Every structure is written in C-alpha cells, then in structure tokens.
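S.K.: One structure, as structure tokens, below. Some questions next.
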Amino acid sequence: MLCFVFLLHITCRGFQSTMIPSPFALGATLVASIVTVHYAHAATDSLQTTLVKPARAINGIAPTTRSYWMRQANQALADVLGTPCPFAAFGTAIVNHTGHGLGNLICIGANTNPETGNPTLHGEIAAIQNCTSILTDPKGPYNLTAAESLLAFSQLSLYTNAESCPMCASAIRWAGFKEYIYGTSIDRLVGEGWAQIRISSMEVFRQSFDLASTTRLMGEVLANETDPYFLWQYDPDYRCPSGCARRNGRCKAH
Ligand SMILES: [Zn+2]
C-alpha cells in the first residue's frame, strides 16, 4: 500500500488516489534545498543541539510515531545481522508516511561492511539499495520504473539510529528523501571513541543547496534509546544492549 506523487502524475499501488499525501510533497520538489532547525536552546548550544528532540508533530507525524520507527531502525540490526549488538551497530528503516496512520515500512538496512567486504555498505546505503530493489522489482508490490523509483524517494523518510557520515548524508540528499531522522549524533559518537569523518549532516545539507529537492532534518530523536547501541564498544564498563552480554570484553547476543 504505497502512493507516490510525481510532478506530472500520480502513481498509486493498491491505494485510492484520495489517500494521496499532503501539498508538502508536491511543493518539496519546487523549492531550493533547506534545512529547518527546531527547538533552538540556549545561545551556547551547538548547531547539533539545536536539532535535538523534536517534541511536537513535524510534517504531521507524532513524536510517538517517530519513536516507533527509530526503534525499527534499531531492530534492523537483529533483523539483518541476527544480533542486537553488532560492533558497527548502525541500522536504518525507510518509511512511507504519505498515507494515514503509522506509515509503511519499505525496507531496512544495517551496516554490512564486515559481512560483505564492501566498505560503502553503511546502514543507510544498504537500505537505499534494498529499497531500490524492492521498489523496482517487477514481481514486487510497487513495480516502479527506474524513473519512478528515483522520484519515489522524495516521498520517503529515512530513520537511522546514528547521524549519517558525510557519505551517507550526501546519498540521502542525492536521493532527495522527504525526511531524514537520526538518533545518536556524530558528536556523541566521536566523544565515545568512534572514528568519524567530522562533517555533520547539517553541513552536508547546508552545502547541498544546488539540489532541487528538499529534505527535512530531525536530529537526536530517541537518542536515549539509540545511544546504548554505540556506548559499549569503547567503554568496557558500559552495559550491553538488551539481549546481549559481555564475553571476552565484547557484547554478544545471548
Ligand atoms: Zn555512512
């Protein structure tokens, strides 16, 4: 059940056209790239913290719904990798919010660098590849052409349990997602010992103004639940994520 609004026509799969989404979706392709900053706090806060913890409905989506899908991004770890505590615990869920209700999951992805040997398969890239395959599968529920698939991303929301690296943030902007929602920030990852390329998603978005699409950015959503997936790796005293326990210093699934 998925509807996509394109510039000149509407494609609906298993849905009445009356279920088609908000004017925002149509307008999204008509304006220059912008980043909206919510809930600015004290003047001393960083740009990252100005994005923190949206407490109200954005684009008509309730915070509880955001939390639900962020938990699905966490759950992608177990669904893809078979463990809730892989070392590179980066999970993604891509969702269609253009209908009513909770939204529809299109695909998931998780960091599969170690499993595949492909250094670009971060969770977000893996998910984008998975979604592309699902959207264009002639025997699948959507059966979109390549051109339709490219346009479809402007109707989708990407939830990832940690802020995207600049490679993935760039892919998100190239895809033209409607929304990008992350949990744990790069600042937090770096502070906890993770090696990162220190370019924030805010900066990538700020420099993507040539692109015709718009992507709404929401940061540190449900970070209290995403953080534990990234805090045990470099802190031997930090508790393992639920479902895991320390063995030889490393969190492993029970
Ligand atoms: Zn990445």
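S.K.: Given the peptides 147-155, 88-96, 73-81, arrange them by the average over their residues of other C-beta atoms within 10 Å, most packed first. Display every interim value, and only then the final one.
M.R.: Working: 147-155: 19.1, 88-96: 27.1, 73-81: 22.0.
Those peptides, ordered most packed to least, come out 88-96, 73-81, 147-155.
S.K.: Largest first and in whole Å, what are the equivalent-ellipsoid semi-axes of segment 91-162 based on the Cα gyration tensor, each being the root of 5 times an eigenvalue? Intermediate values should be presented prior to the final figure.
M.R.: Numbers: eigenvalues 92, 49, 18 Å².
Those come to 21, 16, 9 Å.
S.K.: Could you list 160, 136, 64 in order of exposure, starting from the residue whose Cβ has the fewest other Cβ atoms within 10 Å? Could you put the intermediate results ahead of the total?
M.R.: Working: 160 30, 136 17, 64 9.
Sorted ascending by nearby Cβ count, the order is 64, 136, 160.
S.K.: Output the Cα-based Rg and Dmax of segment 127-171 in Å, rounding Rg to one decimal and Dmax to a whole number.
M.R.: Answer for segment 127-171, Rg first and Dmax second: 11.8, 34 Å.
S.K.: Students often check this: by mean Cβ neighbours within 10 Å, which of 113-120, 101-108 ranks highest, and how do the rest follow? Spell out each step's value before the answer.
M.R.: Numbers: 113-120: 11.5, 101-108: 17.1.
My ranking of the peptides, most packed first, is 101-108, 113-120.
S.K.: Please arrange 204, 221, 190 by how many other C-beta atoms lie within 10 Å of their C-beta, fewest to most.
M.R.: Numbers: 204 21, 221 25, 190 12.
The order, fewest Cβ neighbours first, is 190, 204, 221.
S.K.: Next up: Assuming 0.36 nm per residue, please report the length gained on full extension of the stretch residue 79 to residue 174 beyond their Cα-Cα distance.
M.R.: Working: separation 95, 0.36 × 95 = 34.20 nm, distance 2.66 nm.
Contour length minus the Cα-Cα distance gives 31.5 nm.
S.K.: Restricting everything to alpha-carbon atoms, can you work out Rg to Rh for segment 124-254 with a Kirkwood hydrodynamic radius?
M.R.: Values: Rg = 17.2 Å, Rh = 16.3 Å.
That ratio equals 1.05.
Read the figures in this text as sums done on the coordinates, not as results from a lab. Computed from a prediction, not measured in an experiment: that's the story for all the values here. For neighbour counting, all protein chains shown are included, and Cβ atoms are generated from backbone atoms with ideal geometry for every residue, glycine included.
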